[in-house]
Amino acid sequence: MTALAVDTIELTKTFGELTAVNHLNLQINKGEIFGLLGPNGAGKTTAIRMLCGILAPTSGEANVLGINVNRDPESIRQIIGYMSQGFILYKDLTVHQNLDFFAKLYSVPKSTRDSRIIEMLDLVDLQDFSKMLAGNLSGGMRQRLALAVALVHEPELLILDEPTAGIDPPLRRTFWKFFKQLKNDDITLLVTTHYMDESENCDRVGIISHGKLATVGSPSEIKRSIYGGSVIEVEVLGNPRIDEAEIEHIDVISKILKIEDTDNGFKKVYFIVSDISLSYPVINSFFSGKGLEIRSIREVHVSMEDAFIKFTEGQ
Amino acid sequence: MRFSAMVQKEFLQFIRDRRTLIIAFGLPMIFLLSFASASVDDIQNLPIAVVNEDMDGSLSRDVIAELEKSQLLTTSIYYNSVHDARQAVINGEVWGAIIIPSGFSEGIQMSRIAPLVFYLDNSKLLMRLVQPEFYAITSKLSQQFSIQFQTANVLPGVHVEAVAIPVFGTLSTTASSAPLAVALVLQQTGIILTAVSITREKEQGTFEHLVVTPVTILEILFSKFVTYFILSSIIATIMYGAMSIGYSLDLFGSLISVSVLTMLYIVVSIGMGLIIAVTSANQLQALQVGSFLLLPAMIFSGMLIPIEGMKTYARIIAYLNPVYLYSTGMTKILQSRLSIFNMNDIVIQMLLIIVVTFGLSVKTFSKTIK
Ligand SMILES: Nc1ncnc2c1ncn2[C@@H]1O[C@H](COP(=O)(O)OP(=O)(O)O)[C@@H](O)[C@H]1O
Ligand SMILES: [Mg+2]
């Protein structure tokens, strides 16, 4: 048994002239929440549809839970759960009928079917709506139903294509609570999103741009990788003339990013450091050695948005 | 300014949508083609059987000579017995049989009146042309003989009596209009129900969810087929039930034939629905194509315009038209009391359409997903 839930090798899909997915090498570990982050048209949905075995790749291969999807798409059906982009359930069936229908398609045995459906309704908090037509549900409830349907056959890998698109922030938070709960039940999750803040909830994130993986790593790794370290902002009084040579021998400081004037005559110096806690005393003594008074010192929060922009622009 | 911008935009949208274009201009084209092809003036030389029981009489040759002058009919086949000739009409080998009864010449000469008997199959649409031709021939003969035997003015004119005998008895209007009505209703429901149910899944994205489940394409298509086969069968039962109760359409003599042909036809209609479903992007297109088919289905049904008078290409369309196949088959069953098991050509043609439509749609369907 492989430890990888998803393993693609040079996976490529072209539509005529357009290369939607471009030699993608993506590895997702079992049991993690993996976020695939990318702007619209980056190729997220196309990549996912190839992983689900509903779109044939132009070249390359996709392995899901140790099964080669191209060669054996039927074998992965039972072990993956898929929630596609947009609402895709039967509007003219009730909540319960939708769950029951898909449970039957996955051959969930009669003995456990009803209890499984109740369990799912509880999970997504739709117990009171089981007799309502899916078409009459609010947007957020529909997404919850879609999640329940994707889970009804107890898949090992859950693939969610923009599950939180178009729903309000409180519900988005609830969704991520669900996802963490599922992770605790040993389910691997592949979630695509174009909301940067959400990706902070992932164990690992891959940023995809123009069908290629621009970077992969934990959210903090990715953020650090933008500047090659953490960013510290120091506000000082006076004119800090700093030579590159002066800081070259200080281990914890990698470099000076920039120096800015503030409105009230202070200067802001931005350092890139390899370790935040070690850097504070070093920076303090650096400036006091120069006879300069430090007004404030703080870490600059680098957001996923900064990372996103850096990794997706100019490609 | 605003107005012209709106008009311009409408035209642009209209031209961009290729399928709308095809429907907008395809429909009038089919109209023109079918009417151009359906001119009945060109119909000539329909074979007629002749039985001359008045061999000894001097006038039977005049009758045959008059028949031979006809553009519409040709008297190529001669039979010795009325029974054989009548059978040829029943079998559809000839368009009618003209019997010159024994004693015809004598009757004209002695009593100035004698019958000519015409056996015909009036379930055929073209009888609307053939029957008047027969009456025209008898009245010409009456005139000719009147002049020939007008020795004195006091004598009455000669009358050649035209006796038309339908081989399958007199027709009820229900029996003659039912097949086309049922054919059109079943085709429309079969096509539209099937096509819409599939395109709805494609349009609403539920299809994408189905294909990631272990359900196979064949299971998806077969479940649709079974559902709409049952629904169409109920519709057919209601229609024929109503006609048999309300309009005393006699079905019971041929219940098996009616059922087998109708079920076959329902399968054909669903097959056409499948083809439309796999080639349409959404429900609207499927509906457009479905209703688009209605007109040619009627024109080439053989029930309104005789197929025999159409140009070759139009006849080929008719033979490919399930409505034609069903209507002619059902007419034969209801009026001529023929059995479905004696209509191999119709059955084989329907089976072919079924194989092609189902095969193509399964193949195309699998491709759109993978
Ligand atoms: N069936 C298709 N035919 C042609 N182009 C497609 C098709 N599906 C996706 N594309 C194109 O491929 C690119 C990637 O699309 P997609 O995978 O949907 O991106 P994302 O999900 O990241 O927004 C887009 O430019 C899109 O227009
Ligand atoms: Mg997408």
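The values are calculated or read from the model by the stated rules, or taken from the named source; none is laboratory data. No experiment lies behind these values; they were computed from the predicted model shown. No Cβ is skipped: glycine too gets one built from the backbone with ideal geometry, and neighbour counts run over all protein chains shown. For accessibility, only protein heavy atoms count, side chains too; no ligands or nucleic acids. Shrake-Rupley method; radii C 1.70, N 1.55, O 1.52, S 1.80 Å.
Worth a mention:
- Lone qualifier among A:LEU24, A:LEU18 - being touching a strand residue (DSSP E or B) at 6+ places or on another chain (Cβ under 8 Å) and within 16 Å of ligand 2 (Cβ to nearest atom): A:LEU24
- Residue tally, condition more than 10 Å from chain B (Cβ to nearest Cβ) and aliphatic (A, V, I, L, M), over region A:71-92: 1
- Within region A:93-114, the residues that satisfy the criterion of being within 13 Å of chain B (Cβ to nearest Cβ), in a helix (DSSP H, G or I) and open to solvent by less than 70 Å² (accessible area, probe 1.4 Å) are A:ASN98, A:LEU99, A:PHE101, A:PHE102, A:ALA103, A:LEU105.
- Every residue from region A:1-26 that is within 11 Å of ligand 1 (Cβ to nearest atom) and either free of Cβ contacts under 8 Å to residues at least 60 places away in the same chain or touching a Pro at 6+ places or on another chain (Cβ under 6 Å) (or both): A:LYS13, A:THR14, A:PHE15, A:GLY16, A:GLU17, A:LEU18
- Set side by side, the residues B:ILE165, B:ILE147, B:ILE113, B:ILE192 differ, and just one is of a type in the set (Val, Ile, Thr) and without any contact (Cβ under 8 Å) to a residue 24 or more places away in the chain, which is B:ILE147.
- Residue match in region B:214-221 (condition: closer than 26 Å to B:ILE354 by Cβ, under 22 Å from the mean Cα position of the chain (by Cα), among the hydrophobic types (A, V, I, L, M, F, W, C) and more than 14 Å from chain A (Cβ to nearest Cβ)): no
- Region A:183-210: number of residues that are more than 11 Å from A:GLU32 (Cβ to Cβ), assigned to a helix (DSSP H, G or I) and either open to solvent by 50 Å² or more (accessible area, probe 1.4 Å) or out of contact with any Leu (no Cβ under 6 Å at 6 or more places or on another chain) (or both): 5
- Within region A:27-42, the residues that satisfy the criterion of being in a loop (DSSP other than H, G, I, E, B) and either more than 16 Å from ligand 1 (Cβ to nearest atom) or buried (at least 23 other Cβ atoms within 10 Å of the Cβ) (or both) are A:LYS30, A:GLY31, A:GLU32, A:GLY38, A:ALA42.
- Applying the condition of being open to solvent by less than 10 Å² (accessible area, probe 1.4 Å) and in a loop (DSSP other than H, G, I, E, B) to region A:44-59 and asking which residue is farthest from the other protein chains (Cβ to nearest Cβ) yields A:GLY53.
- Among the residues of this structure, B:THR312 counts as one that is more than 30 Å from B:PHE222 (Cβ to Cβ), open to solvent by 80 Å² or more (accessible area, probe 1.4 Å) and of a type in the set (Ser, Thr, Tyr).
- Among residues that are crowded, with 19+ Cβ neighbours inside 10 Å and more than 30 Å from B:ALA242 (Cβ to Cβ), B:GLU208 is included.
- The set of residues in region A:37-65 being more than 22 Å from the chain's Cα centre (by Cα) and within 13 Å of ligand 2 (Cβ to nearest atom) consists of A:LEU55 alone.
- Test: residue in region A:112-134 that is within 16 Å of ligand 1 (Cβ to nearest atom) and on the phi > 0 side of the Ramachandran plot: no
- Exactly one residue out of A:GLN85, A:GLN78 is in contact (Cβ under 8 Å) with a residue 60 or more places away in the chain, assigned to a loop (DSSP other than H, G, I, E, B) and within 29 Å of A:THR8 (Cα to Cα), and it is A:GLN85.
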